[in-house]
Structure formats: structure tokens, C-alpha cells
């Protein structure tokens with residue numbers, strides 16, 4: 001049975017040209033999800049970036065173009081959640 005994940009991204013704008021996105025991925029029981037794949041896709045430019053969570057479920061993506069991103073979280077190739085975030 002797959003647990004529905006919870007994801008609360010934090011967007012930090014460094015300048016007009018760049019932003020960063022970081023967060024921690026947890027399951028419904030609030031346990032962290034290590035080694036989850038985070039796929040980021042800019043909804044305007046369609047540029048993509050993939051990062052992984054560390055052993056504490058934390059991830060960070062730097063030097064992103066300011067904009068709206070589709071954020072897809074997967075573990076073992078099963079999608080947990082997809083969220084749109086804007087900077």
C-alpha cells in the first residue's frame with residue numbers, strides 16, 4: 001500500500017535572475033523519505049532538473065530561473081505527489 005506523501009517546499013529568491021528550492025519530504029506519518037527523487041520542471045521554459053533527498057529527507061536545488069516549477073516527488077519510481085510552486 002502506497003502512502004500519500006506530504007511536501008512543503010520553500011522558495012528563496014537570491015536575486016532577480018536566480019532562486020533556490022529546498023524542502024524535506026515526509027510520508028503521512030511524518031517519517032522522512034531518504035533517497036526520494038525530486039524532479040523540477042520550469043512550466044514556461046520546460047527546463048528540468050533532478051535532485052535526490054539525503055538521509056534526512058532534505059533536498060536543495062540552487063541557481064534556478066525565477067518562475068513556476070512543477071515539482072514531482074518519486075520513491076522507487078512510484079510518484080508520491082506533484083506540486084506547482086512559484087518564485
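Among the residues of segment 64-76, those identified as surrounded by fewer than 16 Cβ atoms within 10 Å (Cβ to Cβ) and either in a strand (DSSP E or B) or on the phi > 0 side of the Ramachandran plot (or both) are 67, 68, 70, 76. Just to be sure before I move on: is residue 82 touching a strand residue (DSSP E or B) at 6+ places or on another chain (Cβ under 9 Å), at pLDDT below 85 and part of a strand (DSSP E or B) in the structure I sent? Yes.
For segment 29-42, name all the residues that are under 14 Å from the mean Cα position of the chain (by Cα) and either part of a loop (DSSP other than H, G, I, E, B) or in contact (Cβ under 8 Å) with a residue 60 or more places away in the chain (or both).
Of all residues in segment 29-42, those under 14 Å from the mean Cα position of the chain (by Cα) come to 32-42.
Across segment 29-42, the qualifying residues are 33, 34, 35, 36.
Of the residues making up segment 48-63, those that are in contact with a strand residue (DSSP E or B) (Cβ under 8 Å, 6 or more places away or on another chain), surrounded by 13 or more Cβ atoms within 10 Å (Cβ to Cβ) and assigned to a loop (DSSP other than H, G, I, E, B) are 53, 57.
The values are calculated or read from the model by the stated rules, or taken from the named source; none is laboratory data. What you see is a predicted model; the values in this text were computed from it and never measured. Cβ atoms come from the backbone with ideal geometry, glycine included; neighbour counts cover every protein chain shown.
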